[in-house]
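Below is one structure, written out as structure tokens; the observations come after it.
What follows draws every value from the coordinates through simple rules; no lab data is involved. Here the structure is a predicted model, which means the values were calculated and not measured. Cβ coordinates were reconstructed from backbone atoms using ideal geometry, including for glycine residues, and neighbour counts include every protein chain displayed.
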Amino acid sequence: MTTLAAPDEMAERYPITAYSTFQDMDVESLRLRGIYKKNLNTDVGEAARAGLRETLLDARNLMEQDRRAQAARFVDAPDAMREELTIFWTDHFTTVRTGRIDQYTQQSYAEQAIRPHVAGKFSDMLLAAAKHPRMILFLNQNVSIGENSPLGRNSQKKRGINENLAREILELHTLGANGGYTQTDVRNFAKLLTGMAIDRQRRFEFNARRSEPGQHEVLGKTYGRRRPGLEEIDEALNDLARHPDTARHLAWKLAMHYVSETPDDGMIEQMAQAYLAADTALLPMYEAMLRHPAAWDFSGLGNVKWPVQYVYSAARALGIRGADIMALPEGRFRGAFDGRVARMGQRLSRANGPDGWEEADTHWITPQAVAHRISWAMVEPSRLMDILPDPRDLVDTAIGPDAPESLRFVAKAASNQVEGVGLVLASPSFQRR
Amino acid sequence: MDPKLDRRSFLRQSLSSGLLGCSAAASPLITPVTFANLPDGLAGENRLVVIILRGAMDGLDVVRPVGDPDFAGLRSTIDDGQERLPLDGFYDLHPALKPLMPLWQAGQLGFAHAVATPYRDKRSHFDGQDILESGVASVDGVESSGNGWLNRMLTLMPGARAETAFAVGRSQMMVLAGKAPYRTWVPNTSLDLTPHAERLLEVLYHDDPAFREAALSADAIIDALATDDPSDDVDTSSMMAEMGMEMGRGRSNRALIDTLDFTLNRLVGETRIAAFSINGWDTHGNQSNRMQNLLSQLSNAILTLKAGLGSAWNTTTVLAMTEFGRTVRENGTKGTDHGTGGAMLMAGGAVRGGRVYGDWPGLSEADLYERRDLLPTADVRSYAGYAMQGLYGVSSSDLERVVFPGLDLGVNPGIIL
């Protein structure tokens, strides 16, 4: 907890590309595509096409570096809590690629909208994520136009409200599917959100010409009393962040992820109260979780790690250093990390939908996925390291004094070091939290 | 240590303990396929294939009520009006399903319109799919039901053999998950371990049921496939190439081709019930183009099954179901938002097709559900129930109590020949 409150040292050591860099590339790629399409089969057109390809390749390379940086941070951090929480909250505010450049921006999005707030206030994170261009694009907010807005009234084309962002903010990001909202709340909230859009420079903008005029009642409170603008949208988002249903939904999600698939009701209540009392500050909520006795009940089986967490934590346990990861030859990083993680069922930055990755263990512990986890454990450590740790020592560093006897036996009985290391990392004790 | 650490005994244990049963809601790109084997003679030749269309298919776009005066103008950007495929005078079929018109004419393709599960109002894909697959009336009941309706139907069939069923897959089809034995399969499984390491893994996984089951099933499927007598299986790998099936490009299509290959492979053998998904029906924008692609996948899937099954097609029923319908009006982005009532597709030689079943509720503002959605006039579970009744003789009381607890089956219109 103390490292969470301290400055983010890992972010400095392994920087991640600024989102604005990708936005500029996006503008450039759109410009080049325009030239290419207008000049088919000419030198000008071909030059534009070559430039387009180069821009896309540059963006892809930046993304690869960013993915490496994420892995390097995870293995080097004194404790990996900030890295874990960044993964968790980035998943909470899942975005899936929508465009050619956008497919490379997941890390930058997380760096800008999520990571600065994982030890701060949820309300700030909500505002940053909901208004982030990647979210605006993913959940179609960029095409949601008030029917009675200046643009909606004047347009020849049929245009209107798109409920997608409004619905997912209520259902997934704040109140939860069981929260106390109605379809009317979704509709009115969508009307309130009109005006949030992307400008020609691919930056976030509030465009009053798209904004649905009038007052919009959401969860019993009326917004839109003043003139259209971001102020009232921010106010609504801030109110949602402070709603008791949001507090319980977030507490339940955190507890479900880090403690148990069937979290203790009392723990959730205490976490929610801590969050509300601290004006949506997250550290008190984490603390309430970790201080609750239910978090220290190891009698049940812990939650299974997601593939990305599994592979990163394995690299960490093996003692692989961030610098080693940054120095891997081209292609090797993908081969050892992201590509393998995808085969375990998690194609990074391509979650199945806005609700992000599955929590249920049964989703991840399938024969196919387990086969790929075992195969990572057996193959990759010896490819990534010259000298492997002794499997018996690895039991202590990776699992600790509570390691089951069967694991100690297996670590001893393995026929060689590669197999022993593989078995320790493939063990349920290591794959579960 | 348990001295009997052999794989087969574990397999039996993990199967009899019925550990499976959880939801994998919206999973585009992942197309697991789920099978159930029935003992000889029980199911006879009747085959049931359930396709879950994840993402909420727009029933009003697929089966268009052009005979309803209020339909005109509702779908101006989605329907370009270029090609019409009249079905019965009241409904038109979406042009992308043109390849299925011969089936319609032969009475082997039908629909149920204005249908929905009991799920209302929140319009969440995830809850909607849970309810569709569990077959229970509310989200609260999903967990307690613990399994899907196809599986509960299997429990009514005496003598299903544990040793003929196992589960493999990246994600599950909840509709077939549950206590009754069944198998699952996903393309591209590989696991290569020395026997010594394998044995040590068994030690490690012994006390963790989830891992134990997953690893043993992975082994088991490799064994089973390796020892399969080739003469038992019809080679379908070149079947689609011969038929010139064009499935389009892309990862999800590749997965669908593999899924269909394997499904056919099993259905021509012992398997009688199969379930898989076609994903991506959440057409909030650009619906016209996306439906073209999605419906091509659906029609290719049906035609592939028909061609691959040969004469067995005559005793086959395919049901394609979705979690809910979409808004009656277009949204502002050339698409539709989450709605309520929708449509279900049925195909196969066993189906009494050539008609659209159901009572039409109308599309005037006052007729709509919450003034925005098609009003459901029938429970989509009833139609699944009629199919199971027609194919396997499941009694009405079993359907209303065990398979779909609390369902009022209503009058069976006889959708199975």
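Quick one: which residues, 5+ away or cross-chain, put their amide H under 5 Å from the amide H of B:A378? H built at 1.01 Å from N.
Correct list: B:A116.
Which far-off residues, 5 or more places away or on another chain, put their amide H under 5 Å from the one on A:V218, with H placed in the peptide plane?
The list, which skips near neighbours in sequence, is A:Y223.
Give the shape of segment A:363-433 as rounded, prolate or oblate, defined through the alpha-carbon gyration tensor: a ≥ b ≥ c are the square roots of its eigenvalues, a/c under 1.5 means rounded, and otherwise the shape is prolate if a/b is larger than b/c and oblate if not. Mind dumping the intermediate values first?
Values: a/c = 1.77, a/b = 1.13, b/c = 1.56.
The shape class here is oblate.
For A:E212, enumerate residues with amide H under 5 Å from its amide H, sequence gap 5+ or separate chain, H modeled in the peptide plane.
For A:E212, the qualifying residues are A:G146, A:T194.
Taking only DSSP H segments of four or more residues, each worth -39500 (n - 2.57), what value at 222 nm results for the protein assembly as shown once the sum is divided by all its residues, to the nearest 500 deg cm²/dmol?
Calculated mean residue ellipticity at 222 nm is -13000 deg cm²/dmol.
Could you grab the relative contact order for segment A:307-431? Cα pairs under 8 Å, six or more apart, rounded to a whole percent.
Rounded, it is 27 percent for segment A:307-431.
Within a Cβ distance under 9 Å of A:R167, other residues only, what is the Lys/Arg minus Asp/Glu net charge? Walk me through the intermediate numbers first.
Values: positive: B:R123; negative: A:E163, A:E168, A:E171, B:D337.
Overall, the nearby charge balance is -3.
Taking the number of other C-beta atoms within 10 Å as the exposure measure, put A:R347, A:R153 in order starting with the fewest.
Arranged by neighbour count, lowest to highest, A:R347, A:R153 become A:R153, A:R347.
Sort out for me the Cα centre separation of segment B:325-373 from segment B:72-150, rounded to whole Å.
Using only Cα atoms to place each centre, the spacing works out to 7 Å.
Sequence gap at least 6, Cα distance under 8 Å: using those rules, report the relative contact order of chain A to the nearest whole percent.
That works out to 15 percent.
Find out how many positive minus negative residues lie around A:A255, taking Lys and Arg as positive, Asp and Glu as negative, among other residues whose Cβ is under 11 Å from that of A:A255.
Net local charge, A:A255 excluded: -3.
Which of A:P133, A:Q106, A:V118 sits farthest toward the positive end of the charge dipole of segment A:77-158, with +1 on the Cβ of Lys and Arg and -1 on the Cβ of Asp and Glu?
Ranked along the dipole, the leading option is A:P133.
Using every Cα-Cα pair within the protein assembly as shown, state what percent have a distance larger than 47 Å. Show your work: numbers first, answer last.
Details: 84839 of 360825 pairs.
Summing the P(r) tail past 47 Å for the protein assembly as shown gives 24 percent.
Sequence gap at least 6, Cα distance under 8 Å: using those rules, report the relative contact order of segment A:28-88 to the nearest whole percent.
On the way: 31 pairs, mean separation 13.2, N = 61.
That works out to 22 percent.
Could you give me the ³J(HN,Hα) list for segment B:268-280, computed from phi with Karplus coefficients 6.51, -1.76, 1.60 and θ = phi - 60°, whole Hz, x at Gly and Pro?
Once θ is set to phi - 60°, the couplings for segment B:268-280 become 6, x, 7, 5, 10, 10, 9, 9, 8, 10, 10, 10, x Hz.
Within the set of other residues whose C-beta is less than 11 Å from the C-beta of A:G51, count the net charge using Lys and Arg as +1 and Asp and Glu as -1.
0
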